[in-house]
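Take a look at the structure set out below.
Read-outs throughout are calculated quantities, based only on the coordinates presented, and are distinct from any laboratory measurement. As the structure is a prediction and not an experimental result, all values here were calculated from the model. Every residue, glycine as well, gets a Cβ built from its backbone with ideal geometry; the counts of neighbours run over all protein chains shown.
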Amino acid sequence: MSAFRATLEEVQRAELILQISDASSPLSAEQDAQVEKVLKELEADAKPRLRVMNKIDLLPPRQRDSLRDAENAIHVSAAKGIGMSTLLDRIDQMLQGDALSRVNLRVPQKEGKTLAMLEARARIYSRKYKDGLVELEVEAPESVVRRIREFVLP
């Protein structure tokens, strides 16, 4: 329990807590109660939280079909990729400190580091190559947009 507690102390600095639960485990409710207890002890129980019910692929089809996401709860299967885009969208919505912006960019092809960062940290909607430049329409966190402001088109 002490290793578990040490790990959870990181939540005191977190902007959003993802509370992952095993949807297929009969012990899930008991484990969630332990997490609640530790979060309360850490005075982190009031932080924004998204409950992620994982392993829904292991549930019987009828039970899986009856699951409904809520504002603070998402059902996924990390192993099968079910619900992952919904999870990422919800995380983006809940992280107010680094809001998303949709921008048009013109980046020189020689700016490999910038293009690699965009691949890793942005959602790319379109990409055209023209005269040594890459024209992109992306959705990216404000922290990324600030770093590439020189390439943002008006």
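Structure data summary
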| read-out | value |
| --- | --- |
| Hits among aspartates and glutamates - C-alpha to C-alpha of Lys40 under 17 Å, sequence gap 8 or more where chains match | Glu9, Glu10, Glu15, Glu30, Asp32 |
| Karplus (6.51, -1.76, 1.60) ³J(HN,Hα), θ = phi - 60°, over region 19-32, in Hz, Gly and Pro reported as x | 9, 8, 10, 8, 5, 8, 8, x, 9, 4, 5, 5, 5, 4 |
| Hydrodynamic radius of region 67-126 per Kirkwood, over alpha carbon pairs, in Å | 14.0 Å |
| Cα Rg, Dmax (largest Cα-Cα span) when computed across the chain, Å | 19.8, 60 |
| Calculated from backbone phi, Karplus (6.51, -1.76, 1.60) coupling profile of region 49-60 in Hz, x at Gly/Pro | 9, 10, 8, 10, 8, 9, 6, 5, 5, 8, 7, x |
| Other-chain or far-sequence residues with amide H under 5 Å of Ile82's (modelled H) | Ser77 |
| Placed amide H near Val134: partners under 5 Å, 5+ positions off or other chain | Val107, Gln109 |
| Using θ = phi - 60° and Karplus 6.51 cos²θ - 1.76 cosθ + 1.60, couplings along region 131-143 (whole Hz; Gly, Pro as x) | 6, x, 10, 10, 9, 10, 10, 9, 10, 9, x, 3, 4 |
| Glu36 versus Glu139: modelled label distance in nm, points set 7 Å from Cα along the beta carbon direction | 3.3 nm |
| Nearby lysines by direct alpha-carbon distance to Lys37 (threshold 18 angstrom, same-chain neighbours under 8 apart not counted) | Lys47 |
